[in-house]
Ligand code: G3H
Ligand code: 13P
Ligand code: ZN
């Protein structure tokens, strides 16, 4: 069928009250693990690459992998540029057939973010490419942090309403208390749900949760059993994720969970079979580990059968 636009999958998700998983990949095995899960669950899927992934693997390889996956899939597959910080990368992605881009100028002053995003929307919409943007800085809300300090980095809902109206973006990522990586909370995990409600009612478009990995304890334990040294992890619990979806989150970004399952599996295979050096014997189970993680995420998002 070929790649479809983000707009198409997210509007359906918003209407029906589920979220679509957006999974980062940097190589073929990860992409195949993601696709195997999406196909088995018949779930729509967003494949995404950061600028760092493009630098690592080359945009030609990444785009070709995603297009190959989408061609015969029979489910909706989107190829999205995650955290596009530079206009040149956004343009490069559009030229390579990405069907969605994030213009991420969230670390810039508001006016600069607004004008950069507006410019990208104008160009992207001419060629049916969707645009995501973000306001606020991703940082965890910690139990002990003073409210004022935490709120300074979170999205301002009124500003979000104006931003979405003026830019015409298709999807909006509000900072509501998550952070990227495996160490999201120091105390009890908490997201600012009231803020999310206000953003949802003032923007009325599909919302995106970054830094949304669940960081499962059993996967971290497996990695540590086979030699990793990963301590003090905390992810977004499934019940909090489900609440956020009920309140308007339609795209859930997941990278850390896949990195953890991928590397824990490699460690396990090498640890259990020290004599093995056939890549297929090591990366075959790894692909399965990624698939299992993605199936788990799809279940939480409620997107199974919606492909
Ligand atoms: O925000 C997404 C990622 O978790 C960071 O990925 O290291 O490829 O930039 P990156
Ligand atoms: P995690 O680090 O929680 O997986 O977040 C990934 C992300 O937001 C990619 O944009
Ligand atoms: Zn992100």
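Read-outs: derived from the displayed coordinates by stated rules, not from any lab. Nothing here was measured: the structure is a model prediction, and the numbers come from that model. Ideal geometry is used to build each Cβ from the backbone, glycine not excepted, and the neighbour counts take in all protein chains shown.
So here's what we get for this one:
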item: Sorted peptide list for 86-95, 201-210, criterion being average Cβ within 10 angstrom, highest first; result: 201-210, 86-95
item: Contour excess over end-to-end distance, with Cα ends at residue 201 and residue 28 and 0.36 nm allotted per residue; result: 58.4 nm
item: Efficiency of FRET from Cβ geometry, residue 111 and residue 228, R₀ 35 Å, rounded to 0.05; result: 0.20
item: FRET efficiency for residue 299 and residue 270, using Cβ-Cβ distance with R0 set to 22 Å, rounded to 0.05; result: 0.15
item: Model label zone, residue 243; criterion: amide N under 12 Å from point 7 Å along Cα-to-beta-carbon; scope segment 158-199; result: 189-197
item: Gain on full stretching of the segment that runs from residue 67 to residue 137 - 0.36 nm per residue minus C-alpha separation; result: 22.0 nm
item: Alpha-carbon centroid distance for the pair segment 209-267 / segment 1-75, whole angstrom; result: 19
item: Distance between modelled label sites at residue 57 and residue 153, nm, 7 Å Cα→Cβ extension; result: 2.8
item: GNM flexibility winner over the chain from 197, 278, 218 (Cα, springs under 10 Å); result: 278
item: For segment 9-113: rounded, prolate or oblate by the Cα gyration tensor [a/c cutoff 1.5]; result: oblate
item: Projected area averaged over orientations for segment 178-241, convex hull of C-alpha atoms, nm²; result: 4.9
item: Of every Cα-Cα pair in segment 196-307, the percent that sits beyond 20 Å; result: 49
item: Ratio Rg/Rh [Cα only; Rh per Kirkwood] for segment 151-213; result: 0.99
item: Principal semi-axes in Å for the chain [√(5λ), Cα gyration tensor, largest first]; result: 29, 24, 17
item: Simple spin-label estimate for residue 292 and residue 122 in nanometres, 7 Å along Cα-Cβ; result: 5.1
item: For the chain, calculated [θ]222 nm from helices alone, where every DSSP H run of n ≥ 4 adds -39500 (n - 2.57); result: -16000 deg cm²/dmol
item: Inverse mean reciprocal Cα-Cα distance (Kirkwood Rh) of segment 116-268, Å; result: 16.5
item: Relative contact order %, the chain, counting alpha carbon pairs below 8 Å whose residues are six or more apart; result: 23
item: Rg over Rh, two decimals, segment 72-146 (C-alpha only, Kirkwood Rh); result: 1.10
item: Full-extension gain in nm, residue 162 to residue 190, via 0.36 nm per residue minus C-alpha separation; result: 7.4 nm
item: Length-normalised contact order of segment 52-211 in % [C-alpha pairs under 8 Å, at least 6 apart]; result: 18
